[in-house]
1. Name the residues in segment 48-96 that are of a type outside the set (Ser, Thr, Tyr), loosely packed, with under 12 Cβ neighbours inside 10 Å and either in contact (Cβ under 8 Å) with a residue 40 or more places away in the chain or assigned to a loop (DSSP other than H, G, I, E, B) (or both), would you?
2. Mind counting the residues in segment 17-45 that are aliphatic (A, V, I, L, M) and closer than 14 Å to LEU87 by Cα?
3. If you scan segment 44-96, which residues turn out to be of a type in the set (Gly, Ala, Ser) and touching a Pro at 6+ places or on another chain (Cβ under 8 Å)?
4. Here are some residues: ALA46, ALA36. Which one is within 12 Å of ILE12 (Cα to Cα), in contact with a Gly (Cβ under 8 Å, 6 or more places away or on another chain) and not basic (Lys, Arg)?
5. Determine whether segment 79-96 contains at least one residue that is of a type in the set (Phe, Trp, Tyr) and at pLDDT 95 or above.
6. Being at pLDDT below 90 and either in contact with a strand residue (DSSP E or B) (Cβ under 7 Å, 6 or more places away or on another chain) or surrounded by 11 or more Cβ atoms within 10 Å (Cβ to Cβ) (or both) is the filter here; which residues of segment 1-21 pass it?
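The values are calculated or read from the model by the stated rules, or taken from the named source; none is laboratory data. Fair warning: this is a prediction, and the values are worked out from it, not measured in the lab. Note that each Cβ is placed from the backbone with ideal geometry, even for glycine, and that neighbours are counted across all protein chains shown.
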Amino acid sequence: MSLRISEKKNIIKNPRITEKSNDVSALNVYTFNVAAGANKKELKKAIISLYNVTPVKINILKIPHKNIFYKGKKSQKGGGKKAVVYLKKEDKIEFI
């Protein structure tokens, strides 16, 4: 099953830029927000085609929803999935 480029972009939403992810990027570990239905095999194919690097290891983590009060009403915020991608020492991903 081959995914089209538009489907691959839908799997990887965007890079997750935080202080912690910035620190570990020096160790060739990158963090991405991914679609809720994404799995490791699809994610690996998407990273190979979009960034031309082969991941060594991929971890997928669920981000829990947070209960908040907005304008006096109870609501939920956030949630989803993130992926932690480990690369070889010589591979790098450049974010502009």
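1. ASN52, LYS71, GLY72, LYS88, LYS89, GLU90, GLU94, PHE95, ILE96
2. The initial filter retains those residues of segment 17-45 that are aliphatic (A, V, I, L, M), namely 17, 24, 26-27, 29, 34-36, 38, 43.
Next cut, closer than 14 Å to LEU87 by Cα only: 24, 26-27, 29, 43.
Summing the residues that are aliphatic (A, V, I, L, M) and closer than 14 Å to LEU87 by Cα in segment 17-45 gives 5.
3. Residues of segment 44-96 that are of a type in the set (Gly, Ala, Ser), as a first pass: 46, 49, 72, 75, 78-80, 83.
Residues satisfying the conditions are GLY78, GLY79.
4. Details: ALA46 fails: in contact with a Gly (Cβ under 8 Å, 6 or more places away or on another chain).
Sole residue among the options that is within 12 Å of ILE12 (Cα to Cα), in contact with a Gly (Cβ under 8 Å, 6 or more places away or on another chain) and not basic (Lys, Arg): ALA36.
5. Our first condition is that a residue be of a type in the set (Phe, Trp, Tyr); within segment 79-96, this holds for 86, 95.
The next check asks that each one be at pLDDT 95 or above; those that pass are 86.
Scanning segment 79-96 turns up at least one residue that is of a type in the set (Phe, Trp, Tyr) and at pLDDT 95 or above.
6. Restricting attention to segment 1-21, the residues satisfying the condition of being at pLDDT below 90 are 1-10.
Scanning segment 1-21 gives LEU3, GLU7, LYS8, LYS9, ASN10.
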